[in-house]
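Working notes, structure below.
The values are calculated or read from the model by the stated rules, or taken from the named source; none is laboratory data. Here the structure is a predicted model, which is why all the values come from computation and not from measurement. Note that we place each Cβ from the backbone using ideal geometry, even for glycine, and neighbour counts take in every protein chain shown. What goes into the accessible areas is simple: the full protein's heavy atoms, side chains included, and nothing from ligands, DNA or RNA. Shrake-Rupley method; radii C 1.70, N 1.55, O 1.52, S 1.80 Å.
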Amino acid sequence: QVRLVESGGGLVQAGGSLRLSCAASGSIFSRNAMGWGRQGPGKQRELVARITSGGSTNYADSVKGRFTISRDNNKNTVYLQMNSLKPEDTAVYYCAGFLLSGDYWGQGTQVTVSS
């Protein structure tokens, strides 16, 4: 069974930083691409960062240069370092696993950026 558990969300002032973590099922983690998505108030969920099993990354234009995704295969954990946060980054952030059998999402963690 695929299990993704996010942590690290919270309230931060604009310009601040947060680091999100996602603990993934060991059976799936090292072989698959992982990512982070978010869903802001009244908006559709969007994928903001993705990392392959080999460590290649890509980002949505809205977060490029501010967010960094990384993974630790020994700990079955993927991270999202978020710097220079803006109020428009306020959203529920979800960890994602991209498997051949489909995409899997965690329960999410709230990030709120105050102006």
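Of the residues making up region 90-112, just one is within 14 Å of Arg3 (Cβ to Cβ), open to solvent by less than 60 Å² (accessible area, probe 1.4 Å) and aromatic (Phe, Trp, Tyr), namely Tyr94.
Residues in region 31-79 that are surrounded by 13 or more Cβ atoms within 10 Å (Cβ to Cβ) and in a loop (DSSP other than H, G, I, E, B): Asn32, Gly40, Arg45, Thr52, Ser53, Ala60, Ser62, Val63, Arg66, Asn73, Lys75, Asn76.
Within region 80-89, being open to solvent by 30 Å² or more (accessible area, probe 1.4 Å) and more than 11 Å from Ser21 (Cα to Cα) holds for Asn83, Ser84, Lys86, Pro87, Glu88.
Just one of the numbered conditions (1) more than 16 Å from Pro41 (Cα to Cα); (2) in contact (Cβ under 8 Å) with a residue 24 or more places away in the chain is not true of Ser70: (2). Residues in region 1-20 that are of a type outside the set (Gly, Ala, Ser) and in a loop (DSSP other than H, G, I, E, B) were compared, and the one that is modelled with the highest pLDDT is Arg3.
A quick yes/no check of all residues on (1) among the aromatic types (Phe, Trp, Tyr); (2) under 15 Å from Ala24 (Cα atoms); (3) touching an Asp or Glu at 6+ places or on another chain (Cβ under 9 Å):
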| site | (1), (2), (3) |
| --- | --- |
| Gly54 | no, no, no |
| Asp72 | no, yes, no |
| Asp89 | no, no, no |
| Phe98 | yes, yes, no |
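Consider only pairs whose beta carbons are under 7 Å apart and that are at least six residues apart or on different chains; among these, list those whose first residue lies in region 87-111 and is among the polar types (S, T, N, Q) and whose second residue is open to solvent by less than 20 Å² (accessible area, probe 1.4 Å) and not in a loop (DSSP other than H, G, I, E, B). Note: pairs meeting the criteria are Thr90/Val111; Thr90/Val113; Thr109/Leu20; Thr109/Tyr93.
Return a yes/no flag: does region 66-87 have any residue that is at positive phi and modelled with pLDDT of 95 or more. Yes.
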